[in-house]
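> Following this message is one structure expressed as structure tokens.
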Ligand SMILES: [Ca+2]
Ligand SMILES: [Ca+2]
Ligand SMILES: [Ca+2]
């Protein structure tokens, strides 16, 4: 009997360990990434041109990394994918001169010569003394160019680095599943303005959280009080977190509904009080709503719908 119980406990523990931390058996990262078998990684070609810094940041936000080739084989595989799907002739890659001029390093700190340094003829040449970021041409050769110029780029996630949050069905372990609400939430400890917070949630396949009832308000209050935020220094506003509503001819959620219709409209005492100066939505740490300046840097919460059906579909493809 004891042995059976023990076995059962071990089984349960293993089951939950697997449920929480297992690597996915199917090769899936996000619907917008393509898996390439040879380099064993997922890639997304971003067609919106961005400066090098913005490109790097976008990939980071998606839980990936600004792509650079690890070797010739990867360069060949990725260029084949690029050539078969997109017309442009240049992309920014994850190589720049972050520390010292003319010393080219990858986004994760390797000297470019250790990974892939097929420079084009006469490159790098630091033309005009302003070229510190690297682009790759369709033929696989590299050129140093101006970091402020805008190019398409590719984000990469290796299969090896992928961790799957099975509760939330998302490749981000920082999302917390709430059983009662049937949703997942992430408290972001990196203070940002409302617009950037909105972008970050969107990049994580989520949205800036919307409170739909008292239960959810209570949960978000609890999530906020548990977040290890009090030691964080820097220039940001304490006491409130950005949420997914704003004043757009009346207070509406980012899904376009009035607060009342979406189920929760408990303002803090005297709020909203900012008029034209406070057009974005936030929640005081106690769960009550507050209007806030959209430019104010604050913590924020993303909310994720567990979209099991469509992900299953993507997995089966
Ligand atoms: Ca150049
Ligand atoms: Ca909600
Ligand atoms: Ca206010």
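> So is residue 107 within 12 Å of residue 52 (Cα to Cα) and modelled with pLDDT of 95 or more or not?
For residue 107, the condition - within 12 Å of residue 52 (Cα to Cα) and modelled with pLDDT of 95 or more - is met.
> Is at least one residue of the range 224-236 assigned to a helix (DSSP H, G or I) and either assigned by TED's automatic domain parsing to the domain that holds residue 62 or out of contact with any strand residue (DSSP E or B) (no Cβ under 7 Å at 6 or more places or on another chain) (or both)?
Yes, the range 224-236 has at least one match.
> Inside the range 174-184, can you point out the residues that are in contact (Cβ under 8 Å) with a residue 60 or more places away in the chain and closer than 17 Å to residue 203 by Cβ?
175, 184 - these are the residues of the range 174-184 that are in contact (Cβ under 8 Å) with a residue 60 or more places away in the chain and closer than 17 Å to residue 203 by Cβ.
> Still on this model: Does the range 173-183 include one or more residues that are away from ligand 3 (no atom under 16 Å from the Cβ) and assigned to a helix (DSSP H, G or I)? So that I can check it myself, show each step before the final result.
Step one: filter the range 173-183 for residues away from ligand 3 (no atom under 16 Å from the Cβ), giving 173-183.
If we keep only those that are assigned to a helix (DSSP H, G or I) as well, we get none.
No, the range 173-183 has no match at all.
> Here's a follow-up. Could you list, in sequence order, all residues of the range 240-254 that are surrounded by fewer than 11 Cβ atoms within 10 Å (Cβ to Cβ) and either farther than 21 Å from residue 212 by Cβ or within 14 Å of ligand 3 (Cβ to nearest atom) (or both)?
Within the range 240-254, 249 is the sole residue that qualifies.
> On to the next question. What are the residues in the range 39-84 that are surrounded by fewer than 17 Cβ atoms within 10 Å (Cβ to Cβ) and over 24 Å from the mean Cα position of the chain (by Cα), if any?
71, 72, 73, 76, 80, 83, 84
> Condition first: more than 12 Å from residue 251 (Cα to Cα), in contact with a strand residue (DSSP E or B) (Cβ under 8 Å, 6 or more places away or on another chain) and away from ligand 2 (no atom under 16 Å from the Cβ). Now tell me which residues in the range 272-285 satisfy that.
273, 274, 284, 285 - these are the residues of the range 272-285 that are more than 12 Å from residue 251 (Cα to Cα), in contact with a strand residue (DSSP E or B) (Cβ under 8 Å, 6 or more places away or on another chain) and away from ligand 2 (no atom under 16 Å from the Cβ).
> A further question follows. Those residues that are without any contact (Cβ under 8 Å) to a residue 12 or more places away in the chain, in a loop (DSSP other than H, G, I, E, B) and either loosely packed, with under 14 Cβ neighbours inside 10 Å or within 16 Å of ligand 3 (Cβ to nearest atom) (or both), I need them from the range 255-274; list them, please.
At the first step, the residues of the range 255-274 found to be without any contact (Cβ under 8 Å) to a residue 12 or more places away in the chain are 256-258, 260-261, 270.
Okay, now just the ones that are also in a loop (DSSP other than H, G, I, E, B), so 256-257, 270.
Listed by number, the residues that qualify are 256, 270.
The values are calculated or read from the model by the stated rules, or taken from the named source; none is laboratory data. Please read all numbers here as calculations on a predicted model, not as lab measurements. Cβ sites come from the backbone with ideal geometry, for glycine too, and all protein chains shown count toward neighbours.
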